[in-house]
Amino acid sequence: MALTKSQYIWLDGKFVAWDEAKVHILTHSLHYANSAFEGLRAYPTDRGLAIFRLRDHTKRLLNSCKTTLLKCPFSADELNAAQGELLRKNVFAPNTSVYIRPIVFVGYGVMGVYHLNSPISVAIAAWEWGAYLGDEGLEKGIRVKISSFTRNSIKSMMGKAKVAANYLNSQMAKCEAIEAGYDEALLLDNEGFVAEGSGECFFIVRDGVLITPPSENALESITQDSVITIARDLGVAIERRRITRDEVYVADEAFFTGTAAEITPVREVDSRPIGEAKRGKITQKLQEAYFDVVYGRNDKFSRFLTLI
Ligand code: PMP
């Protein structure tokens, strides 16, 4: 997806012009892929742009750093403040949602796999970004392929950390799905249960019950948590349990959730239509409620929003 440039990027405590935010080719993270990052969205509300669940994303970022031994030189408060400042400093088109990408990475100066003697840098970029899986996908649903790639095993990778190294797995699954003519991949875990999408969590609906897998083999997703919270508020029955591939095929409804993907209905999996092969009723209800929350139209969940 082509980038829409904004004016400034925050780099190690300073604002630099978008085109000047550069790193050396021997930046450690570029070679060994230990960099922790986040993806957040800010939505236009009646009271201006509001970042959705900022503190939760920053907490996860610092947890990712802890997990992979990255000593982040900035505190949670500093990172939160920097993201607000970055959004105030840039000019975004009105009524557009903005994606925010903080990244903590191992910088330039030392090579070799051992990274603890290398400098750590932090950057935050923000740009206008529409629907990750397309506007049509949000409305009509997307086509999904169960991946031939197993989700990174918890015996060798640490999927609770949102770090670049984990995303080779996602990238290969996504490419395989796209090249086979699908829109997105769904990865199973080592035991064959549904893990997550390449950048999303997964839900099905069966007989009116919303079902989503536990987080053992997935990122601890903030959108998944938001959807569960909203569903409870709407009185939708929820089960958090493992799902098998054949159960996905016979689900009444299915959807992906993620900061970028928001709530994207799934209309087909491996050539099997899901329900009526369109956005399901409960999916639509949750999608509308989610957009009400992120756009600041539901005061019950104003705690999730940070006005900038
Ligand atoms: N799983 C993976 C692998 C992801 O990259 C993402 C996106 N961050 C998610 C799930 C969804 O997480 P969140 O809802 O916090 O964006």
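The values are calculated or read from the model by the stated rules, or taken from the named source; none is laboratory data. Bear in mind the structure is a predicted one, so any value in this text is a computation, not a measurement. Note that we place each Cβ from the backbone using ideal geometry, even for glycine, and neighbour counts take in every protein chain shown. With ligands, DNA and RNA removed, areas are computed over all heavy atoms of the protein, side chains included. Shrake-Rupley method; radii C 1.70, N 1.55, O 1.52, S 1.80 Å.
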Projected-area mean, the stretch 8-128, by convex hull of Cα positions, square nanometres
7.3
Quick one: putting +1 on the C-beta of Lys and Arg, -1 on the C-beta of Asp and Glu, what dipole do you get for the stretch 126-266 around its Cα centre, in Debye to the nearest 20?
500
Solvent-accessible heavy-atom area per residue, rounded to whole Å², over the chain at 1.4 Å:
47
Quick check on my link table: of Lys5/Lys285; Lys59/Lys174; Lys162/Lys281; Lys89/Lys140; Lys174/Lys285, which ones sit more than 30 Å apart, alpha carbon to alpha carbon?
Lys5/Lys285; Lys162/Lys281; Lys89/Lys140
Per-residue [θ]222 nm for the chain (sum of -39500 (n - 2.57) over DSSP H runs n ≥ 4, rounded to 500):
-8000 deg cm²/dmol
Rounded to the nearest 20 Debye, what is the dipole magnitude of the chain about its Cα centre when Lys and Arg each give +1 and Asp and Glu each give -1 at the C-beta?
620
Point-to-point label distance, Lys22-Gln284, nm (Cα→Cβ direction, 7 Å offset)
5.1
Mind pulling the angle between the C-alpha long axis of helix 167-179 and the longest principal axis of the chain? Nearest 10 degrees, somewhere in 0 to 90.
50
With R₀ set to 41 angstrom, the calculated FRET efficiency between the beta-carbons of Arg297 and Glu247, to the nearest 0.05, is 0.75
Relative contact order, percent, of the chain when contacts are C-alpha pairs under 8 Å separated by at least 6 residues?
20
Kindly express, to the nearest 10 degrees and within the range 0 to 90, the angle between helix 281-294's C-alpha long axis and the longest C-alpha principal axis of the chain.
30
Within the stretch 1-44, list the residues whose amide N lies under 15 Å from a label point set 7 Å along Cα→Cβ of Met157.
32-37
Viscosity 0.692 mPa s, temperature 37 °C: what is the translational diffusion coefficient of the stretch 135-294 from Stokes-Einstein with a Kirkwood Rh over Cα pairs, rounded to a whole number of µm²/s?
213
For the chain, using Cα atoms only, the Rg and Dmax in Å read 19.3, 57
Report the calculated FRET efficiency for Glu78 and Arg47 (r = Cβ-Cβ distance, R0 = 25 Å), to the nearest 0.05.
0.55
